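Input: a single structure, listed below in structure tokens.
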Amino acid sequence: MLKIVKVYLAVKRRIQPGDKMAGRHGNKGVISKINPIEDMPYDENGTPVDIVLNPLGVPSRMNIGQILETHLGMAAKGIGDKINAMLKQQQEVAKLREFIQRAYDLGADVRQKVDLSTFSDEEVMRLAENLRKGMPIATPVFDGAKEARN
């Protein structure tokens with residue numbers, strides 16, 4: 001035998017009750033029920049939630065990362081909602097540029113600064129269209145703040 005070949009096989013299928021899921025903060029659980037979207041809880045705007053977790057699982061495991069990630073996601077969506085409203089009101093490109101620049105400046109790492117003054121009006125409008133549903137958060141799984149960072 002000259003070489004060994006290892007083959008890993010993954011099967012894509014729909015989730016079903018009994019499947020196990022895990023989040024990036026070590027939270028894990030088993031799917032107990034899958035509801036149709038019309039039976040899911042919804043917020044004040046009528047937007048249904050994607051997943052319902054047992055609230056007792058967070059404090060008992062002292063897993064605050066879940067809560068912080070949820071709040072960050074809600075903030076990113078709020079920025080997208082504001083951009084969407086500005087687009088519907090046909091705000092000036094300068095106002096859109098200023099708002100998006102402020103949003104990027106608040107969360108940007110020094111190495112990832114974005115300067116929208118170099119963007120044309122068309123590029124700013126295209127960026128605003130892409131941000132309508134929220135700002136993407138570019139954090140790889142398992143990557144967080146390091147102790148060595150000052």
Could you check segment 5-51 and list, in sequence order, the residues that are within 21 Å of the chain's Cα centre (by Cα) and among the small types (Gly, Ala, Ser)? 22, 23, 26, 29, 46
Of the conditions (1) in contact (Cβ under 8 Å) with a residue 40 or more places away in the chain; (2) in a loop (DSSP other than H, G, I, E, B), residue 54 fails just one. Which one is it? (1)
Every residue in segment 20-45 that is in a loop (DSSP other than H, G, I, E, B), modelled with pLDDT of 90 or more, surrounded by fewer than 10 Cβ atoms within 10 Å (Cβ to Cβ) and not polar (S, T, N, Q), please. 33, 36, 41
Does residue 76 meet the test of being touching a Pro at 6+ places or on another chain (Cβ under 8 Å) and assigned to a helix (DSSP H, G or I)? yes
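For residue 17, indicate whether it is out of contact with any Gly (no Cβ under 8 Å at 6 or more places or on another chain), in contact (Cβ under 8 Å) with a residue 12 or more places away in the chain and either surrounded by 10 or more Cβ atoms within 10 Å (Cβ to Cβ) or in a loop (DSSP other than H, G, I, E, B) (or both). Don't jump to the end; show me each part of the working.
Details: out of contact with any Gly (no Cβ under 8 Å at 6 or more places or on another chain): yes; in contact (Cβ under 8 Å) with a residue 12 or more places away in the chain: yes; either surrounded by 10 or more Cβ atoms within 10 Å (Cβ to Cβ) or in a loop (DSSP other than H, G, I, E, B) (or both): yes.
Against the criterion (out of contact with any Gly (no Cβ under 8 Å at 6 or more places or on another chain), in contact (Cβ under 8 Å) with a residue 12 or more places away in the chain and either surrounded by 10 or more Cβ atoms within 10 Å (Cβ to Cβ) or in a loop (DSSP other than H, G, I, E, B) (or both)), residue 17 qualifies.
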Within segment 99-150, count every residue that is closer than 26 Å to residue 24 by Cβ, modelled with pLDDT of 85 or more and exposed (fewer than 14 other Cβ atoms within 10 Å of the Cβ). 2
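Can you tell me which of 72, 53, 68, 96 is in contact with a helix residue (DSSP H, G or I) (Cβ under 6 Å, 6 or more places away or on another chain) and either loosely packed, with under 13 Cβ neighbours inside 10 Å or not charged (D, E, K, R) (or both)? Give the derivation first.
Values: 72 fails: in contact with a helix residue (DSSP H, G or I) (Cβ under 6 Å, 6 or more places away or on another chain); 53 fails: in contact with a helix residue (DSSP H, G or I) (Cβ under 6 Å, 6 or more places away or on another chain); 68 fails: in contact with a helix residue (DSSP H, G or I) (Cβ under 6 Å, 6 or more places away or on another chain).
It is 96.
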For segment 46-68: of the residues being of a type outside the set (Gly, Ala, Ser) and touching a His at 6+ places or on another chain (Cβ under 7 Å), which is farthest from residue 34 (Cα to Cα)? 63
For segment 7-23, give me each residue that is under 13 Å from residue 66 (Cβ atoms) and either β-branched (Val, Ile, Thr) or touching a Ser or Thr at 6+ places or on another chain (Cβ under 9 Å) (or both). none
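The values are calculated or read from the model by the stated rules, or taken from the named source; none is laboratory data. Bear in mind that the values here come from a model prediction, so they are computed numbers and not experimental data. Glycine gets a Cβ as well: all are built from the backbone with ideal geometry, and neighbour counts include every protein chain shown.
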